[in-house]
Amino acid sequence: IVFCLPGINLNNFSKPIEKLAARKKLNLPQNKKIISFFGSLTGEKGVPDLLEAVDKINNDLRSKILVVIFAIWKGSPTHERWVKQIKQREPVIKLFEGSVTIPNVIWASDVIVLPQRTGHGATIPPISAIETLTTGRPLIVTKIIGVKELINTKNYVLFVEPNNPNNLKSAIEHACNIKNSGGVDIELINEFSLERTVATYLEVYNKVI
C-alpha cells in the first residue's frame with residue numbers, strides 16, 4: 001500500500017498578497033475582522049452550523065466582524081434555501097456569488113472557517129484546508145478524516161467538533177484575537193507539490209513494470 005498525497009499547485013498561495021489590496025479587489029471593508037467560508041452551500045459543508053454559530057456570537061463582537069460566504073453552486077437543490085437564510089442575516093453575513101480568485105479570498109481574510117461535517121464529497125485531505133495552511137492564515141476546521149492527521153502545531157489551527165455550532169462559535173471568537181503571522185509553511189508546500197506526487201506515481205509504476 002502506497003499513500004500518495006494529491007498534487008496541488010500551491011505557488012499562488014505561497015506568494016503573499018497585501019490584505020488591504022486583496023480586500024479592495026473583492027470590495028470588502030477595510031475596518032472589519034473578516035471570517036471567510038468558501039464552498040458549496042450544503043449541510044455537509046457545515047453551512048447550517050456556521051449560520052447558527054454566527055447567531056450566537058456576542059453582540060459586541062458581531063459589530064466588529066463580517067462573515068463572508070463565497071458560494072459555489074454545484075447543483076445542490078438546497079442552494080436557494082441557504083441563500084435566503086444567509087441574506088436574512090445581513091449585514092453580519094455577506095454572500096458572494098460569482099467567480100473569485102481563492103488566493104485573494106484567503107489573503108483578504110483574518111480567519112478562514114471550514115466546518116465540514118464529514119469527509120464525504122471532498123478530496124481527502126480537503127484541498128481548501130491545504131490552501132489556507134499554505135498562507136499561514138488562521139484556520140478553523142473540523143476534526144474530520146484526513147485533517148486531524150495532517151495539521152501540525154506550527155500553524156494557527158483551531159479544531160472544532162463537526163455539527164457543533166457552540167464549539168464553532170467559541171472558536172470564531174477566539175480566532176478573532178489571534179495575530180496573524182503571515183508565515184508560509186514551506187514544508188507543507190513541498191508535501192503536496194505536483195513534482196512529488198508525479199515522482200511517487202512514477203516509482204510505483206516502475207516497480208509494477
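The slack in the chain from SER14 to TYR201, taken as 0.36 nm per residue of separation less the alpha-carbon distance, amounts to 64.8 nm. If both residues of a DSSP beta bridge must be in the chain, then about 0% of such bridges are antiparallel.
Multiplying the residue separation of LYS56 and GLN88 by 0.36 nm and removing their Cα-Cα distance gives an extension gain of 10.0 nm. Normalised per residue, the accessible area of the chain is 52 Å², obtained with a 1.4 Å probe and no contribution from ligands, DNA or RNA.
If you average over every viewing direction, what projected area does the convex hull of the Cα atoms of the chain give, in nm²?
12.2
Only helices enter this figure: runs of n ≥ 4 DSSP H residues, each worth -39500 (n - 2.57), summed and divided by the residues of the chain, yield -11000 deg cm²/dmol at 222 nm to the nearest 500. Here segment 1-120 is treated with +1 on each Lys and Arg Cβ and -1 on each Asp and Glu Cβ, and its dipole about the Cα centre works out to around 300 debye. Set against the 2.2 N^0.38 Å expectation for a compact globular protein, segment 1-61 has a Cα radius of gyration ratio of 1.61.
For segment 1-63, what is the charge dipole size about the Cα centre, in debye to the nearest 20, if Lys and Arg each add +1 at the Cβ and Asp and Glu each add -1 at the Cβ?
Using only the charged Cβ atoms, the result is roughly 440 debye.
Between LYS24 and CYS4, the C-beta separation translates, for a Förster distance of 41 Å, into a calculated FRET efficiency of about 0.55. Computed about the Cα centre, the dipole magnitude for the chain is approximately 620 debye when only Lys and Arg (+1) and Asp and Glu (-1) carry charge, each at its Cβ. At q = 0.09, 0.19 Å⁻¹, what is the base-10 log of I(q)/I(0) for segment 1-112 according to the Debye formula with one equal point scatterer per Cα and no solvent? Please give it to two decimals. Each listed q corresponds, in turn, to -0.27, -1.04.
Listed here are the pairs LYS56/LYS143; LYS15/LYS87; LYS84/LYS148; which of them are more than 31 Å apart at the Cα? Listed pairs above 31 Å: LYS15/LYS87; LYS84/LYS148.
What's the local net charge at LEU202, with K and R +1, D and E -1, over the other residues with C-beta under 13 Å away?
Counting the neighbours of LEU202, the net charge comes to 0.
What do you get for chymotrypsin sites (Phe, Trp or Tyr not before Pro) in segment 1-77 restricted to DSSP loop and a cutoff of at most 13 other Cβ within 10 Å of the site's Cβ?
Working: sites: PHE3, PHE13, PHE37, PHE38, PHE70, TRP73; in loops: PHE3, TRP73.
Those satisfying the criteria are PHE3, TRP73.
In segment 73-149, the alpha-carbon atoms span a convex hull of 118 Å³ per residue.
The values are calculated or read from the model by the stated rules, or taken from the named source; none is laboratory data. Being a predicted model, the structure only gives us computed values, none of them experimental. We place every Cβ from the backbone using ideal geometry, glycine too, and count neighbours over all the protein chains shown. Protein only, heavy atoms only, side chains kept; ligands, DNA and RNA dropped before computing areas. Shrake-Rupley method; radii C 1.70, N 1.55, O 1.52, S 1.80 Å.
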